[in-house]
Every structure is written in structure tokens, then in C-alpha cells.
Amino acid sequence: MKKYDIIIIGGGASGLAAAAAAKRTASDLRVAIIERLPKVGKKILATGNGRCNLSNSEISVKKYHGSCNKLLDMTNGFSVPLFFESLGLLCEDDGYGRIYPRCRSAASVLDALRLENARLGIDEICGFDVKNIKEIKGYDIISGNDIINGRKLILSGGGRSQSALGSNGSLLDICMNMEIKAVPFYPALVPLKTDPALVKPLKGLRAEAAVSFRAKERTIAGSCGEVQFTDGLLSGICVFDLSYLYEHYKDSSEIILDLMPDMSLEELSELLKNIRSIRIQTSSEDYLSGIFTRPLGNYIIKRSVSENIGYTRDITDRMISRIARKIKSLSFPVIGTAGFERSQVTGGGITADEINDTFELKRKTGIYVCGEMLDIFGDCGGYNLDFAFSSGYSAGRNAALSAIL
Ligand SMILES: Cc1cc2nc3c(=O)[nH]c(=O)nc-3n(C[C@H](O)[C@H](O)[C@H](O)COP(=O)(O)OP(=O)(O)OC[C@H]3O[C@@H](n4cnc5c(N)ncnc54)[C@H](O)[C@@H]3O)c2cc1C
């Protein structure tokens, strides 16, 4: 049976960082990364549309959800861009705070991690799908008849999003069987399902909007940006960032779009009256085409006014006030999410009160947890990879320090 001082289960962002940290901390330790897929880092290659948005200039607890206060504190302000610079990979801010590798290549990010791990002499054992963990002289990790023993384990198996990229939730299931407390996984950063009939006329369109998530007759949270309308779904980064709320407000939640957020209702009504006088002779189909695309303009009119309007001159002041209200508050009921296979990250996971300040499980000494397996996720913009790398690095360092005691 192969034996290691530290075994890292999961060769994704957090696991690769954890391995480097462990071996940098104590070079004599025998360290291995175990990965269920044929190669490590498959998800990293898919991040940021192949460009890998690996961090953000403004890492703040406000951008995270779940047990984030304690977990973020535990990474001790670790700098992901500086870590990559130490691997020879230059990073830069894209002008909006999102940090990418200068070459905009996710493959270069993975190469930097793999080169470092090869330099440090870390074993990569791929195609090993861990099915069970047993506490025997440290821990045996088991896949069918194959067993590998580790004095310390680092669990970096990710969440459940897009399982073809590796993470399928299996490690969390193993933890829950060991009676480790966790919030069940749920999809986050995911398109939201709405009434298909309501979005059908908008299919393929995009619109800039201030977006609010409403439930229980109040606005729970908001964001702004480009909303995309697809088959029965609302999508776009601004929707992704609110999508986790569906898990908490399943009944009667809705997305409200303000399509003219820079104007008050009164200003907008005045503008619409002006446009009516300018376009008085045109078909009503052209009434809003100077503000929105023609299909979106007509959609708004149809959702505001039940009567068929032939010409712009037939639009009354009352109709204008209804149209203005609809532009400021176009609502779509939320009836679900597009699920784990369309989600970028997974909410839920092992809660902060299950681990001590070194990312070690309180109930299982010698097992550390990092990355998306923990009950934390961030908004779009590099926050998730930042946490994966920084929590992985901290867990790896702490595991190595305890292994050499
Ligand atoms: C399409 C896409 C684009 C994204 N883009 C960005 C972005 O640009 N910026 C950003 O910040 N975040 C992005 N994310 C989110 C980010 O990739 C994840 O939050 C991050 O990769 C999580 O790292 P992790 O190490 O915790 O898990 P993962 O990267 O999921 O790695 C987990 C690894 O563990 C392995 N594993 C799981 N179970 C077992 C087992 N039982 N035995 C052995 N191995 C196992 C898996 O195969 C996998 O390789 C994106 C996600 C997706 C899906």
C-alpha cells in the first residue's frame, strides 16, 4: 500500500494550491494529489471562458455568502496574484477589478500550478475516485480494491457544479457519513427559471437593467448589468449573482427589471409623452424603438396595455403611465434554477463551525477541508477562485506544519 504524509483529495484549484503550500512548508514530506478524472485541473481550464478570472482587486466579505466571515478571516489576507507571480505567472486587473493572468490563458494558470508541483516532487495520482475514507493509522482512502494511506488528508473535492469538470459532490457525501455537519449543496451562480410563456417573445434578446430579487413582498437584494433571455430562463452575471436567493425564498419569489434605472417614474412618463409627440404619425410598433430594441419595446407595450394599439397617436396618457411603470418594474416569477449542471458554483457545504482556525475538522483530527466543499461562495468576478486558492494554500500549509510537529 502506498503511504504519504499528506494526501490531497481533489486536483482542482484548491487542491493544487494546497499541495504546493504543503511541500513549500516542509520539503521532506511525501505529498500526493488524488484526482478522480484522468487529469488534474479540468475545471480551471473552463474558468472565465478559458481566460481564468483568478482573483479580484477588492476581496471583501460583502461579495461572499454562507459561513463567510470566519472562513475569509482564516485565509489571513493571502494574495492570490502574488502567489501566481511567485510561480512566474504575471497577473493584471482588467480595469474593473477582475484579475486575470496577463496572457488571458487558463491553460497557463494550470501549467504554472503543475510545473510548481512537479518541481516540488508532488505525486499526481489520477483516475482514483475516492469512495470511502477509513481512520486507520492516519486515514486509508479507498477506491474499489485500491487503498492509499495518508497521515493527514486535505479534502478539496469541490461542489457539485458541472460534474463533467470533476466535482460531483461525492466527497461531501463521504463527510456527511462521517457525521460532519454540512448545509446540503444547492446551485448558485446559475440561470433562473421563469414562466416560459413570459420569456418566449424575448428569446435571444439582451437588455441592460437594474435587477432586484423580490420575495415576501420586499426587495431582498439587487444588482445591475445585462440580462439575457433564453428558453424559459433569465441569465447574465447580474442574475447569476442573485440566483442563490432562490434556495432561501422558494415560494413566491420574482425578478424585477428596471429597464430605465437612471430615470424616476415621473421623468420617464414625461419622456414617453415627448416621444409620443415626436412619433405621433408612426405605427405603435415604432413607439419605443428609439429606447429599446423593437421586439423588447413591443413586448413592454403588450405587457402594459391589454388593448390593441394601431398608431402611436392612440396611446393615451393613462397608457403611458402604465408603460412607464412596466419599464421601471418588469416582473418575472422565479420558479426554479437551471440546476447544478448549469451552475458555476455550489452553495452549501461544510459549515465554519465544523472546522478550527487552521481548516482542520474539529471532529476528525488530521483532516483539513478547503475550497468549494466549504459553506462559502462568492459573486462572479474572481471571488470563487480566489477563495479556492487562498483556502487551499492555508489548509496545505497548516497540514504540513502539523505533520512535522
Ligand atoms: C464554467 C465555469 C467557469 C468558472 N469561472 C470562474 C472564474 O472565471 N472565476 C472564478 O473565481 N470562479 C470561476 N468558477 C468557479 C471556480 O472554478 C470554482 O469555485 C473553483 O474551481 C473551486 O475550486 P475547488 O478546488 O474547490 O473545486 P474544483 O475546482 O471543482 O476541484 C475539485 C476536484 O476534486 C475532484 N474530486 C471530486 N471528488 C473526488 C473524489 N471522490 N475522488 C477524487 N477526486 C475527486 C474533482 O474531479 C475536481 O478535479 C467557474 C466555474 C465554472 C464551472
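The values are calculated or read from the model by the stated rules, or taken from the named source; none is laboratory data. Values in this document were obtained by computation on a predicted structure and should not be read as measured data. Using ideal geometry, Cβ is built from the backbone for each residue, glycine included, and neighbour counts are taken over all protein chains shown.
I'm trying to understand the selection: among the residues of segment 211-244, which are assigned to a loop (DSSP other than H, G, I, E, B) and either outside the structural domain of N298 (by TED's automatic domain parsing) or over 17 Å from the mean Cα position of the chain (by Cα) (or both)? Give the derivation first.
Keep residues of segment 211-244 that are assigned to a loop (DSSP other than H, G, I, E, B), which gives 216-217, 231-232, 236, 244.
K216, E217, D231, G232, listed by residue number.
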I'm told L120 meets every condition in (1) surrounded by 24 or more Cβ atoms within 10 Å (Cβ to Cβ); (2) in contact with a helix residue (DSSP H, G or I) (Cβ under 9 Å, 6 or more places away or on another chain); (3) of a type in the set (A, V, I, L, M) except one. Can you identify the failing condition by its number?
(1)
Checked against (1) in a loop (DSSP other than H, G, I, E, B); (2) within 19 Å of R36 (Cα to Cα), V190 satisfies every condition except (2)
Residue check: is K203 touching a residue at least 24 places away in the same chain (Cβ under 8 Å) and not assigned by TED's automatic domain parsing to the domain that holds D140?
yes
Among the candidates E247, E208, E179, residue that is acidic (D, E), surrounded by fewer than 19 Cβ atoms within 10 Å (Cβ to Cβ), assigned by TED's automatic domain parsing to the domain that holds G159 and in contact (Cβ under 8 Å) with a residue 12 or more places away in the chain
E179
In segment 347-393, what residues are small (G, A, S), surrounded by fewer than 24 Cβ atoms within 10 Å (Cβ to Cβ) and on the phi < 0 side of the Ramachandran plot?
A352
When (1) farther than 22 Å from N356 by Cβ; (2) away from the ligand (no atom under 13 Å from the Cβ); (3) assigned to a helix (DSSP H, G or I); (4) of a type in the set (A, V, I, L, M) are applied to L16, the one that fails is (2)
Filtering segment 35-88 for residues that are at pLDDT 95 or above, of a type in the set (D, E) and assigned to a helix (DSSP H, G or I) leaves a count of 1
